[in-house]
Amino acid sequence: NEILSMSSILKYQKKHEDELICLLGQEPDWSSFLSHDAIDKFKEALLESETFLCEFEGNICGYIRALVDNFGIYISELYVSPQYRGKGVGAELLERIKQEYPKQDVYVLSDEDAYYEKLGYQRVGSVFKL
């Protein structure tokens with residue numbers, strides 16, 4: 001796949017913040033992260049979590065953010081820009097997290113179950129909001 005062969009996975013840094021926020025700002029579903037009340041917490045979370053970007057031709061085309069503890073890795077967000085979907089970017093970001101923590105189980109907090117099922121991941125429970 002041309003996108004994957006020419007893309008890079010990078011560790012998220014503060015210098016990426018403006019471009020990533022701008023990218024997510026184009027997606028109505030992400031407005032809860034970018035609202036006036038949430039944006040500062042989100043920016044902090046990006047830095048404090050295990051966050052990686054996929055970059056293609058100098059532009060961010062996706063990101064993944066994971067929460068890490070001694071029991072597992074929990075994927076909180078996975079985002080791929082619409083024009084790059086279906087090209088393996090999400091799978092590449094997920095694989096990068098698995099490579100970073102080879103001895104840990106990785107769990108996804110999903111609202112897109114069909115996507116993860118298509119990748120062959122096993123359902124092991126449900127997530128409930130209290």
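The set of residues from the range 36-49 being open to solvent by less than 90 Å² (accessible area, probe 1.4 Å) and basic (Lys, Arg) comprises just one member, Lys43. Answer with yes or no whether Leu109 is among the aliphatic types (A, V, I, L, M), surrounded by 10 or more Cβ atoms within 10 Å (Cβ to Cβ) and more than 26 Å from Leu34 (Cβ to Cβ). No. Is it the case that some residue within the range 21-35 is open to solvent by 20 Å² or more (accessible area, probe 1.4 Å), more than 23 Å from Glu112 (Cα to Cα) and modelled with pLDDT of 95 or more? There is no residue in the range 21-35 that is open to solvent by 20 Å² or more (accessible area, probe 1.4 Å), more than 23 Å from Glu112 (Cα to Cα) and modelled with pLDDT of 95 or more. For Gln99, the conditions (1) closer than 26 Å to Glu117 by Cβ; (2) in contact with a strand residue (DSSP E or B) (Cβ under 6 Å, 6 or more places away or on another chain); (3) of a type in the set (S, T, N, Q) are fulfilled apart from (2). Within the range 3-18, the residues that satisfy the criterion of being touching a residue at least 12 places away in the same chain (Cβ under 8 Å), under 22 Å from Ala91 (Cβ atoms) and surrounded by fewer than 16 Cβ atoms within 10 Å (Cβ to Cβ) are Leu4, Met6, Ser8, Leu10, Lys11.
Residues in the range 55-65 that are surrounded by fewer than 21 Cβ atoms within 10 Å (Cβ to Cβ) and either in contact (Cβ under 8 Å) with a residue 24 or more places away in the chain or within 12 Å of the chain's Cα centre (by Cα) (or both): Glu55, Phe56, Glu57, Asn59, Ile60.
Among residues of the range 66-86 that are in contact (Cβ under 8 Å) with a residue 40 or more places away in the chain and crowded, with 19+ Cβ neighbours inside 10 Å, those with a Cβ under 6 angstrom from a residue that is β-branched (Val, Ile, Thr) and assigned to a helix (DSSP H, G or I), sequence gap 6+ or separate chain, pair up as Ala66/Ile97. Please work out which residue is farthest from Pro82 (Cα to Cα), limiting yourself to the range 15-35 and to residues that are charged (D, E, K, R) and in a helix (DSSP H, G or I). Among those that are charged (D, E, K, R) and in a helix (DSSP H, G or I), it is Lys15.
In this structure, is Phe52 open to solvent by 30 Å² or more (accessible area, probe 1.4 Å) and within 22 Å of Tyr116 (Cβ to Cβ)? No: the conditions fail for Phe52.
The values are calculated or read from the model by the stated rules, or taken from the named source; none is laboratory data. All of these numbers come straight from a predicted model, not from anything done at the bench. Please note: Cβ atoms are built from the backbone with ideal geometry, for glycine as well, and neighbour counts cover all protein chains shown. Each accessible area value is taken on the protein alone, full model and side chains, heavy atoms only, with ligands, DNA and RNA left out. Shrake-Rupley method; radii C 1.70, N 1.55, O 1.52, S 1.80 Å.
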